[in-house]
Structure formats: C-alpha cells, structure tokens
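> Got a structure here, written out as structure tokens. Questions coming.
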Amino acid sequence: MRQNVCILGATGSIGDSTLKVLAQHAEHYAVFAVTGYHRIDKLIEICIEHRPKVVVVPQNKQQETWQKLQQHGLSNIEILTDEQGLVHVSSHADVDVVMAAIVGAAGLLPTLAAVRAGKRVLLANKEALVMSGDIMMQEAQKNNALLLPVDSEHNAIFQCLPHDYNISKNSTPLKQGISQVLLTASGGPFLHTPADELIKVTPAQACKHPNWSMGRKISVDSATLMNKGLELIEACHLFNICESYVTVVVHPQSIIHSMVQYIDGSTLAQMGNPDMCTPIAHALAWPQRIHTPVPALDLFVNHQLDFQPPDTQRFPALQLAREAIKEGGVMPTILNAANEIAVDAFLNEKIKFTDISKVIDYVLNATSNVAANDLEVILSHDILARRTANTYIQRKGQ
C-alpha cells in the first residue's frame, strides 16, 4: 500500500533529495502535497513530474501558481496559501509522512501540526526543535507521532543508538549505556582561515561549502558554526540529554556523520558519502532499509579521517548556542531568531561576516529569559528578538 508524503519546503535541497528517493520507490510512496515559497517555477516542474493533490504557496503567488498550473493542464491540483495552508497539509488525514524541510522559524507551526496529527515526521527543520523542543517532544509522545531525524548528524546518532531506542518516547539513552554523543562538524569553508581575514568574507564565499550542497542560509550557518550550535540544541531535545554529554568534533572529510560512545569503551560511528538521500531514505523507511542513488563508501578512496576540536574563539556562535541551551527557557528561541536576522543582513551585505555572532550575543544579553512552556510565549519572544536584532543592525549601520 502506497504511503502519501507531504514535503514542506519541496523546492530546496532537502526537497530535491526527497523527491529523488521517492521517485526511486514510486510503488511505495506518492507525493500528496508540496510547498514552496520563492521558486514557483521549480514548484510547477515538481507538480508536472509528481502530480501532487495539493500545493501551498504564499498568498501573493497564488494567482501566478494557478495560471502556470492551468497552462500545463494541472487544474485539478488544489492551491492553498500561507501558514494556514502549511498547517492544513501537514496534518491532512490522507497524509502518512511529512518531510519538514522549511528553513527557519517558518517551519515551526506546520511541523508541530504534523506531530499533533500523529504523523511520521522526517525532521530536517532543526529550528522547530530549537525553538520549541520541550513542547514538540511532549506532543510527539502524547499523539504517538513518529519523529525521525533527517539532519545527517542526528540521523547518524540515531543509527548508532540501541536498536530499540524510540525518540518519540522521550527516553534518555544514558540509561542504555551511552556515555557521550560525538556530533561531527565539517568546519565549513573557513576552517583554516586566519581570524583577521574573516572580516573580509563575502556572502558568495560563505555559501560555498566544501562538502555539502545546501541553501544559502544553512551554508552561512555552517560557515559560522552556528549550524552546529543549532544541531547541539536539537540533539539535546531529540535524545533527551544534557548539553554536557554532547561533544562537537570537527571532521573535515564529512565521512563520519556522528558517533556514540558507550560505557564499555565502544565508539559506534555511522559513515557514508555526504549525500542527504541516505538519511532521508533511512528515516522514510525505518526500521527497514531501501535503495538510494548514493554510491557505497569507497574506503580505498576516502582513506584519511581527521578530527580536531572546534575553535570557539574564531567561531563564537557555537559557544553562544551551548550557553543558550544551558540557560534554557526562551534563550534558544532568542538565539535562533537573532541568527536568522543576522544571516539575512550578512547575505544582503548590511553587516560583516564577523558581525553575525556579535548581533546574536547582543540580543541574548538584551533579552530577559522566561520559561518556554507556552507556544505564545515562544512566538512573542521570537518577534521580540528579531526586532531587537534589526534595531541593533540599523544602529550599527548609521
């Protein structure tokens, strides 16, 4: 029996990889709904190839989408708009699997809706957990949702945990003989760049990741190591562990995607070529395994594996993230919101690369912490942090 899949963020790099895997297993999976924000032409191409039942676009793109679907004889595809449309398709009764791949805070509410609807949720949107980790995990447990990580690092950790470990039950792996989680990082494009040269980094340079093909925002996050900071917070929520049990390890080759150490001295690692089709296929079919277009790792080619600790002096964003999860409350939400504003300002050449962490640090220190046990509190502090960050950037530019 075919399972219906909803892809939130179908036009991004995760959407591309998801569609590749689904096309390879069309007898088992059908594309039910796709969503896109900017790249409407690409969304139309997806509709032509995969014939979904529903598409979701921004309100101001609805007419353009309708006209283009009409031109290709796809008038039977329903068009929904904005956040309401995203929430509707992610919780739709006919949907079995939701790929949560919308970048940033915009993915929070539709991802949460999918969890509350008890779906199999393939989590590629780390910001949703960063902002509302406790709420998300409680809702997953309450509604019997199957929450599975798609980020290559968290998927690797999940594969290295005991076979009966269930993320959605919110149990801690520390009770199953785990002593440490080793979260790997490539180090980004500026791993060996001297600190005094980082101020001259351009958006084009920051978006050129050495190993992975990703969107602009996540590429900049990888360059600042904030991506690893967000993943650290995500790991704490997903695996119900304190940040002190998570060690970040810089591994430039991106062959080992993460590791888990056990109390008997064992260290288990998940290895593979750096291609998102692998973790997507794992989460899609778990506990089974299915084929992907990714070739098996050739150990005679990839024979060198290097490891080193992160340099938090040159890349302070990682330490800011660790401090945010240690403090708890709304601080991870503040961190994420300030980072989104700062990265956008950098990409639009309003601030320097080295200013990104300065903006985040300022906003964290300018905001009082409160408990993050209510969605309205989280969303209001997200707005507050964005406003504070924008004000700081405007003052800095004067």
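Where a number appears in this text, it was derived from the coordinates with a stated rule and is not lab data. This structure is a prediction, so every number in the text was calculated from the model and none was measured. Note: ideal-geometry Cβ built from the backbone for every residue, glycine included; neighbour counts use all protein chains shown.
> More than 22 angstrom separation, counting every C-alpha pair in the stretch 3-149; what % is that? Numbers along the way, then the final one.
Values: 3536 of 10731 pairs.
Tail of the P(r) past 22 Å holds 33 percent of the pairs.
> Residue farthest toward the positive end of the dipole of the stretch 309-370, with Cβ of Lys/Arg at +1 and Asp/Glu at -1: which of THR312, ILE341, ASN369?
THR312
> Another question, then. In terms of Cα to Cα distance under 23 Å, which lysines are near enough to LYS175, apart from those fewer than 8 places away along the same chain?
Qualifying lysines at Cα under 23 Å: LYS142, LYS326.
> Still on this model: Please compute the Cα-Cα pair-distance distribution of the stretch 51-127 with 5 Å bins starting at 0, giving whole percents from short to long.
3, 16, 25, 22, 17, 12, 5, 0
> Report, for the chain, the % of DSSP beta bridges that are antiparallel, rounded to 5. Working shown, then result.
Values: 11 of 40 bridges.
Once the DSSP bridges in the chain are tallied, antiparallel ones form about 30 percent.
> Which one, THR391, SER357, CYS6, is farthest towards the positive end of the dipole of the chain when Lys and Arg carry +1 and Asp and Glu -1 on their Cβ?
Going by the charge dipole, the pick is THR391.
> Could you tell me the relative contact order of the chain? Use alpha-carbon pairs under 8 Å, at least six residues apart, and round to a whole percent. Could you put the intermediate results ahead of the total?
On the way: 736 pairs, mean separation 57.2, N = 398.
In percent, rounded to a whole number, it is 14.
> With θ taken as phi - 60° and the coefficients 6.51, -1.76 and 1.60, list the Karplus ³J(HN,Hα) couplings across the stretch 128-144 in order, rounded to whole Hz; mark glycine and proline as x.
Going residue by residue, I get 4, 6, 4, 6, 9, x, 5, 5, 4, 5, 5, 5, 4, 5, 5, 9, 6 Hz, with x marking Gly and Pro.
> Next up: Would you mind classifying the stretch 286-398 by shape? Square roots of the alpha carbon gyration tensor eigenvalues, ordered a ≥ b ≥ c; an a/c under 1.5 is rounded, otherwise it is prolate if a/b is larger than b/c and oblate if not.
Prolate, because a/c is 1.5 or more and a/b exceeds b/c.
> Another one. Report the antiparallel proportion of the DSSP beta bridges in the stretch 164-317 as a percent, rounded to a multiple of 5. Spell out each step's value before the answer.
Details: 11 of 16 bridges.
Among the beta bridges of the stretch 164-317, antiparallel pairing accounts for roughly 70 percent.
> Quick one: Karplus J couplings for the stretch 194-199, per residue in order, coefficients 6.51, -1.76, 1.60, θ = phi - 60°, nearest Hz, x for Gly and Pro?
x, 4, 6, 9, 5, 5
> If you build a Gaussian network model of the chain, linking Cα atoms that sit under 10 Å apart, which residue out of THR65, THR184, THR278 swings the most?
THR65
> In addition: Could you pull out every residue, at least 5 positions away or on a different chain, whose amide H is within less than 5 Å of the one on VAL370? Hs are placed 1.01 Å off N in the peptide plane, and Pro or chain starts have none.
VAL330, MET331
> Additional query: Select from the stretch 1-91 those GluC sites (Glu not before Pro) which occupy a DSSP coil region and have at most 16 other Cβ atoms within 10 Å, ordered by residue number.
GLU27
> Something else about it: If you place +1 on the Cβ of every Lys and Arg, -1 on the Cβ of every Asp and Glu, and leave all else neutral, what size is the dipole of the stretch 3-149 about its Cα centre, to the nearest 20 Debye? Each step should come with its number before you reach the end.
Values: 12 positive and 14 negative charges, 20 e Å.
Its charge dipole is roughly 100 debye.
> Do any chymotrypsin sites (Phe, Trp or Tyr not before Pro) in the stretch 289-398 lie in a DSSP loop with no more than 13 other beta carbon atoms within 10 Å, and if so, which?
On the way: sites: PHE300, PHE307, PHE346, PHE353, TYR362, TYR392; in loops: PHE300, PHE307, PHE353.
Filter output for the stretch 289-398: PHE300, PHE307.
> Counting only helical runs of four or more DSSP H residues, what would the 222 nm mean residue ellipticity of the chain come to if each run contributes -39,500 (n - 2.57) and the total is spread over all its residues? It would help to have the intermediate numbers written out before the result.
Values: 15 runs with 175 residues, N = 398.
Helix contribution divided over all residues of the chain: -13500 deg cm²/dmol.
> Looking at the stretch 271-336, which trypsin sites (Lys or Arg not before Pro) are in a loop (DSSP not H, G, I, E or B) and have at most 10 other Cβ atoms within 10 Å?
Numbers: sites: ARG289, ARG314, ARG322, LYS326; in loops: ARG289, ARG314.
Sparse-neighbourhood loop trypsin sites (Lys or Arg not before Pro): ARG289.
> Dipole of the stretch 267-384, Cα-centred, from +1 at each Lys and Arg C-beta and -1 at each Asp and Glu C-beta, to the nearest 20 debye?
Details: 7 positive and 14 negative charges, 42 e Å.
Dipole about the Cα centre, nearest 20: 200 debye.
> Among HIS25, HIS192, rank each residue by its count of other Cβ atoms within 10 Å, from fewest to most, as a rough exposure measure.
Details: HIS25 16, HIS192 8.
Ascending Cβ contact count within 10 Å gives the list HIS192, HIS25.
> Sticking with this structure for a sec: Using each residue's phi in the stretch 157-165, evaluate 6.51 cos²θ - 1.76 cosθ + 1.60 at θ = phi - 60° and report the 3J(HN,Hα) Karplus result to the nearest Hz, with x for Gly and Pro.
4, 4, 5, 8, 7, x, 4, 9, 6
> Turning to a different aspect of this structure: Fewest Cβ neighbours within 10 Å first, please rank ARG51, ARG116 accordingly.
Values: ARG51 12, ARG116 17.
The order, fewest Cβ neighbours first, is ARG51, ARG116.
> Work out the length of the dipole vector of the chain about its Cα centre, built from +1 on the beta-carbon of each Lys and Arg and -1 on the beta-carbon of each Asp and Glu, and round it to the nearest 20 debye. Before the final figure, lay out the partial values.
Working: 31 positive and 38 negative charges, 77 e Å.
Here the chain has a charge dipole of around 360 debye.
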